[in-house]
Amino acid sequence: MDYSSAMTESSTAAHAASPPPARRGRPRKTLQEREESERRAELLQAAARLFRSQGYDATSTRDIAAAAGMQSGSPFYYFESKGAMLHAVMQAGMAAVSESQALLLRQLGRRATGLERLRALVRHHLAVVVGPDSHFIPVMLYEWRALTPEQRRDVAKQKDAYEAAWMPALRRLHRDGQLRARPEVARLLIFGALNWAAQWFNPQGPLTLDELTEQALRLFVHQP
């Protein structure tokens, strides 16, 4: 056997004996990890509902555990305190809506006008604020002071990034003369108005979310 053939056979045998290449990316979660993740999410949903309906101070971890169908001490397996749970409610809520907003903007594409972008953003945010399963925005509005300073900074970073995605549309509308207020001030006023809808909007009332969106746009921008 010549040198070339020997090297070929040796390489083939080594390749056959070597293990398959490692899978790239994050390893798949085990069944236990998936179940724990689901239970944690259920706890956060129960906590968000109770923090909104009863208030943070009036809600105990025992209340949250009962609402999630768990034993009274189970929340402490996932969170070190009720305050940590409040923080997680806000973080998880902001992460979810930031992701859905980013997807919305990608779907609109670059050719969308400033008004089309603002309409989509307002509609999305109103669904977050007054939707049937969206409790974290009201919780953020009314329980912000219950967070520690460090927790507030964490959530504020998420909130600022979420709101910053509105600035290109607002600046474009301002350049086109459809938005008279300064864009950075308009952003603050718009979010203040939209978030307050959680206090008065009735899903069974005369306005649909689409109609409410149009009313908001008439308030904020000049449309020809």
### Check on HIS124, within 15 Å of the chain's Cα centre (by Cα), more than 19 Å from LEU104 (Cβ to Cβ) and open to solvent by 20 Å² or more (accessible area, probe 1.4 Å)
no
### Message
When the residues of the range 55-73 are narrowed to those that are of a type in the set (Ser, Thr, Tyr) and in contact (Cβ under 8 Å) with a residue 12 or more places away in the chain, which ends up surrounded by the fewest Cβ atoms within 10 Å (Cβ to Cβ)?
### Response
SER60
### Query
Out of (1) crowded, with 18+ Cβ neighbours inside 10 Å; (2) closer than 23 Å to LEU194 by Cβ; (3) without any contact (Cβ under 8 Å) to a residue 60 or more places away in the chain, what's the single condition that is false for ARG119?
(3)
### Task
Determine whether the range 119-133 contains at least one residue that is β-branched (Val, Ile, Thr) and over 30 Å from ARG218 (Cα atoms).
no
### Task
Specify the residue that is most open to solvent (accessible area, probe 1.4 Å); the eligible residues are those in the range 84-116 that are charged (D, E, K, R) and assigned to a helix (DSSP H, G or I).
ARG106
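Can VAL139 be described as surrounded by 19 or more Cβ atoms within 10 Å (Cβ to Cβ), in a helix (DSSP H, G or I) and modelled with pLDDT of 95 or more?
Values: surrounded by 19 or more Cβ atoms within 10 Å (Cβ to Cβ): yes; in a helix (DSSP H, G or I): yes; modelled with pLDDT of 95 or more: no.
Against the criterion (surrounded by 19 or more Cβ atoms within 10 Å (Cβ to Cβ), in a helix (DSSP H, G or I) and modelled with pLDDT of 95 or more), VAL139 does not qualify.
In this structure, is LEU43 within 30 Å of LEU209 (Cα to Cα), open to solvent by less than 40 Å² (accessible area, probe 1.4 Å), in contact with a Pro (Cβ under 7 Å, 6 or more places away or on another chain) and at pLDDT 90 or above? Spell out the reasoning first.
Details: within 30 Å of LEU209 (Cα to Cα): yes; open to solvent by less than 40 Å² (accessible area, probe 1.4 Å): yes; in contact with a Pro (Cβ under 7 Å, 6 or more places away or on another chain): yes; at pLDDT 90 or above: yes.
Yes, satisfied.
Would you mention how many residues in the range 159-168 are within 20 Å of ALA88 (Cα to Cα), open to solvent by 50 Å² or more (accessible area, probe 1.4 Å) and in contact (Cβ under 8 Å) with a residue 12 or more places away in the chain? First the steps, then the outcome.
Here is the first cut: in the range 159-168, the ones within 20 Å of ALA88 (Cα to Cα) are 159-163.
Subsequent filtering for residues that are open to solvent by 50 Å² or more (accessible area, probe 1.4 Å) retains 159-161.
Applying the additional criterion that residues be in contact (Cβ under 8 Å) with a residue 12 or more places away in the chain yields 159, 161.
Total meeting the criteria: 2.
Looking at the range 176-188, which of its residues are in contact (Cβ under 8 Å) with a residue 24 or more places away in the chain and open to solvent by 70 Å² or more (accessible area, probe 1.4 Å)?
Looking only at the range 176-188, we keep the residues that are in contact (Cβ under 8 Å) with a residue 24 or more places away in the chain, and these are 176-180, 186-187.
Those that are in contact (Cβ under 8 Å) with a residue 24 or more places away in the chain and open to solvent by 70 Å² or more (accessible area, probe 1.4 Å): ASP176, ARG180.
Answer with yes or no whether MET85 is over 28 Å from ALA156 (Cβ atoms) and of a type in the set (A, V, I, L, M, F, W, C).
Details: over 28 Å from ALA156 (Cβ atoms): no; of a type in the set (A, V, I, L, M, F, W, C): yes.
Taking the combined requirement at face value, the residue does not satisfy it.
The values are calculated or read from the model by the stated rules, or taken from the named source; none is laboratory data. Small disclaimer: the values here were computed from a predicted structure and weren't measured. Cβ sites come from the backbone with ideal geometry, for glycine too, and all protein chains shown count toward neighbours. Accessible surface is based on the protein model in full, side chains and every heavy atom, while ligands, DNA and RNA are left aside. Shrake-Rupley method; radii C 1.70, N 1.55, O 1.52, S 1.80 Å.
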